[in-house]
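Undergrad: One structure is given below, represented as structure tokens, and several questions about it will come after.
The values are calculated or read from the model by the stated rules, or taken from the named source; none is laboratory data. Note that the coordinates shown come from a computational prediction; the quantities given were computed from them, not determined experimentally. Positions of Cβ are generated from backbone atoms using ideal geometry, with glycine treated the same way; all protein chains shown enter the neighbour counts. These accessible areas exclude ligands, DNA and RNA; they are computed on the full protein's heavy atoms, side chains included. Shrake-Rupley method; radii C 1.70, N 1.55, O 1.52, S 1.80 Å.
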Amino acid sequence: MSSLTESIEEYILKLLEERESDFVLLRRKDIAEYFGCVPSQINYVLRSRFTPELGFLVESQRGGHGYIRVTRVCFSDPEEKINHVEELVGDAVSEQEAKRLLGNLQRRGLLSVRERLIVEVVLRFLGELGSTLFDLSPYKRDAINAEVLKRVLRSLIVA
């Protein structure tokens, strides 16, 4: 039996598929009543399962006529993909954060398994060099990781 979090996630994904659109409008209260849970559980699902790195944007309008808009991020040209990925990476990224990001990009079909593994090996090697041979601070290592990650992903996305 799946957990409540997984059930709510599946429900929202099913709504997106059924509507055949890139977004769905929801009411937190209605979903909480449907699943017999508190509205904060819906917030948790939205924050953890519908993030930009997983390919979703969530807008929320609070109040009596409030709504939640869950939008699936779709890219029509490579430049949009590159901008999205560079925004996700940011100026500094740890090896662990990079692995999580790469896994999410693979699940979304933006990277193959092979590409993800190659990039992970490169980042691990850079981390080892940075900490042992060059004795760089963790922040500098994370900044180098981010720059390398952006450059490699840019090449993979354009190709």
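Undergrad: Below 14 angstrom from the Cβ of LYS99, what's the summed charge of the other residues (Lys, Arg +1; Asp, Glu -1)?
TA: -2
Undergrad: Quickly estimate the mean residue ellipticity at 222 nm for the chain, helices only: each DSSP H run with n ≥ 4 gives -39500 (n - 2.57), and the total goes over all residues, rounded to 500.
TA: One gets -19500 deg cm²/dmol as the mean residue ellipticity at 222 nm.
Undergrad: Is any helix in the chain, taking whole DSSP H runs, at least 24 angstrom long along its axis by alpha carbon and on average at least -0.5 on the Kyte-Doolittle scale, and which ones?
TA: Going by DSSP H runs, the hits are 138-158.
Undergrad: Here's another thing I want to ask about it. Relative contact order, percent, of the range 1-149 when contacts are C-alpha pairs under 8 Å separated by at least 6 residues?
TA: 19 percent
Undergrad: Still on this structure: Accessible area per residue of the chain at 1.4 Å probe, in Å²?
TA: 62 Å²
Undergrad: Quantify, in whole percent, the carbon and sulfur part of the accessible surface of the range 95-138 (1.4 Å probe; protein heavy atoms only).
TA: Whole-percent figure for carbon plus sulfur exposure: 58.
Undergrad: Considering the range 24-115, what Rg and Dmax in Å follow from its alpha-carbon atoms?
TA: 15.8, 49
Undergrad: I've got another one for you. Just to confirm a number: summing +1 for Lys and Arg and -1 for Asp and Glu over residues other than LEU15 whose beta-carbon lies under 13 angstrom from that of LEU15, what do you get?
TA: After counting each charged neighbour, the total is -2.
Undergrad: Using only the Cα atoms of the chain, what semi-axes does the equivalent ellipsoid have when each is the square root of 5 times a gyration tensor eigenvalue? Give whole Å, largest first.
TA: Whole-Å semi-axes of the equivalent ellipsoid: 35, 18, 14.
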